[in-house]
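**Q** A single structure is presented below for examination.
What follows draws every value from the coordinates through simple rules; no lab data is involved. Keep in mind that what you see is a predicted model, and the values were worked out from it rather than measured.
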Amino acid sequence: MAVITIKTSPAVGFERAKRLAERRLSSDMAHPMTLSWYDRCSGRGSIDHECAAEGEQSWETYGRTRGGTRVDVGRCYSFYVGDAAKEG
């Protein structure tokens with residue numbers, strides 16, 4: 001699976017990075033929504049439980065297995081973004 005990379009200034013914060021990731025996929029998805037995330041600079045992420053596939057962290061497995069597209073924003077943030085219109 002390809003990873004989309006968005007270059008930003010080093011000062012971009014989490015909320016801005018999340019909006020950039022979702023906006024980047026707005027032409028491909030009806031309602032882009034963050035499924036999971038990871039902040040490489042702080043070592044924190046979402047989905048902190050034992051669901052990880054071998055060689056992945058749990059946030060990666062969660063986002064990937066739910067059909068998300070990975071978007072890396074700047075040097076700190078990674079998101080899996082999915083289409084909320086397809087959920088449920």
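**Q** Out of residues 5 or more away from ILE6 or on other chains, whose amide H comes under 5 Å of its own, with H placed 1.01 Å from N in the peptide plane?
**A** Close amide H contacts, sequence-distant or interchain: ASP72, VAL73, GLY74.
**Q** Let me ask another. Rounded to the nearest 500, what is the 222 nm mean residue ellipticity of the chain from helices alone, with -39500 (n - 2.57) per DSSP H run of 4+ residues and division by all residues?
**A** Taking each H run of at least 4 residues, the total per residue is -6000 deg cm²/dmol.
**Q** Take region 4-86, drop everything but the C-alpha atoms, weight them equally and run the Debye formula without solvent; then report log10 I(q)/I(0) at 0.22, 0.26 Å⁻¹ to two decimals.
**A** With no solvent term, the Cα-only Debye profile gives -1.00, -1.27.
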